Amino acid sequence: MKTEKTILAGVVIIEPDVFSDDRGFFIETFQEERYQEIFGTDIHFVQDNFSSSKKGVLRGLHYQAPPFGQAKLVQVLKGKVLDVALDIRFGSPTFGQFVMVELSGENHKQFFIPEGFAHGFIALEDDTLFQYKCTNVYSKVHERGIVWNDPALKIKWGIESPIVSGKDREHSLLKDIPEEYIF
């Protein structure tokens, strides 16, 4: 397994070992002890989520406020996305910076996003299947977001006119979010 640290402390790109032969392939997608070594912390996932998106669907940038903050381990089972982690920790030297990675059913990469980061992705292919593990349960009351096209972020999503939910269009600008995560 290969790991790549990013410019955002705690955000990690993981390339699991893929064992292929003429029958197909096998991948170990999570093993708690090994992944805790990668993350450098004790992580316990309590909820798995799964979504299907057609090309051009943009979901995000989402996060949950404490005490329902979520770390996420995300991966694409089929299709392709551009996946974004955005630092929203006030006082962090990388506050407002993001990392973008391409995840696909072919490259099998995973992306670990700790608490204190907003997360979003855009599907680059039809029938994209996206899976993520979360360290906390969903809480509607603690659900937050940053608008996907905040001009201060300058995120290049790669699709001219993405398909965005009404809720995601109404999220706050980064400059307007409450100081719920402090570095």
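Of the residues that make up region 105-127, is at least one closer than 26 Å to Glu28 by Cα, touching a Lys or Arg at 6+ places or on another chain (Cβ under 8 Å), assigned to a strand (DSSP E or B) and among the polar types (S, T, N, Q)? Looking through region 105-127, none of the residues is closer than 26 Å to Glu28 by Cα, touching a Lys or Arg at 6+ places or on another chain (Cβ under 8 Å), assigned to a strand (DSSP E or B) and among the polar types (S, T, N, Q). It is to be established whether one or more residues within region 126-133 are over 16 Å from Ser53 (Cα atoms) and surrounded by fewer than 23 Cβ atoms within 10 Å (Cβ to Cβ). Yes. Each residue in region 16-60 was checked for being surrounded by fewer than 14 Cβ atoms within 10 Å (Cβ to Cβ) and closer than 19 Å to Pro114 by Cα, and 15 of them qualify. Restricting attention to region 1-56, the residues that are in contact with a Pro (Cβ under 8 Å, 6 or more places away or on another chain), within 22 Å of Leu82 (Cα to Cα) and of a type outside the set (S, T, N, Q) total 6. Residues that are among the charged types (D, E, K, R) and under 26 Å from His142 (Cα atoms): does region 41-49 have at least one? Yes, the conditions are met somewhere in region 41-49. Looking at Phe183, is it surrounded by fewer than 19 Cβ atoms within 10 Å (Cβ to Cβ), over 14 Å from the mean Cα position of the chain (by Cα), farther than 25 Å from Phe45 by Cβ and not basic (Lys, Arg)? Criteria not met by Phe183. You will find that of Val46, Val18, the residue that is β-branched (Val, Ile, Thr) and modelled with pLDDT of 95 or more is Val46 and no other. Residue check: Glu28 meets all listed conditions (1) more than 11 Å from the chain's Cα centre (by Cα); (2) at pLDDT 95 or above but one, namely (2). Provide a single number: the residues in region 61-97 that are in contact with a Leu (Cβ under 9 Å, 6 or more places away or on another chain) and either surrounded by fewer than 22 Cβ atoms within 10 Å (Cβ to Cβ) or outside any strand (DSSP E or B) (or both). The number of residues fulfilling the criteria is 11. Does Gly116 satisfy the criteria of being on the phi > 0 side of the Ramachandran plot and buried (at least 22 other Cβ atoms within 10 Å of the Cβ)? Yes. Entry remark, region 157-183: residues being in a loop (DSSP other than H, G, I, E, B) and touching a residue at least 40 places away in the same chain (Cβ under 8 Å) number 13 in total. Of all the listed residues (Val101, Val46, Val74), the sole one being of a type in the set (A, V, I, L, M, F, W, C) and out of contact with any Phe, Trp or Tyr (no Cβ under 7 Å at 6 or more places or on another chain) is Val46. Restricting the first member to region 65-79 and to residues that are in contact (Cβ under 8 Å) with a residue 24 or more places away in the chain and closer than 12 Å to Thr29 by Cβ, and the second to residues that are hydroxyl-bearing (Ser, Thr, Tyr) and crowded, with 21+ Cβ neighbours inside 10 Å, the beta-carbon pairs closer than 6 Å and six or more apart or on different chains are Val74/Tyr132. Of all residues in region 84-112, those that are without any contact (Cβ under 8 Å) to a residue 60 or more places away in the chain have Cβ atoms under 8 Å from Cβ atoms of residues that are in a strand (DSSP E or B) and among the polar types (S, T, N, Q), 6 or more apart or on another chain, in Leu103/Gln75; Leu103/Gln110.
The values are calculated or read from the model by the stated rules, or taken from the named source; none is laboratory data. Just so it is clear, the structure is predicted and the values come from calculations on it, not from any experiment. Note: ideal-geometry Cβ built from the backbone for every residue, glycine included; neighbour counts use all protein chains shown.
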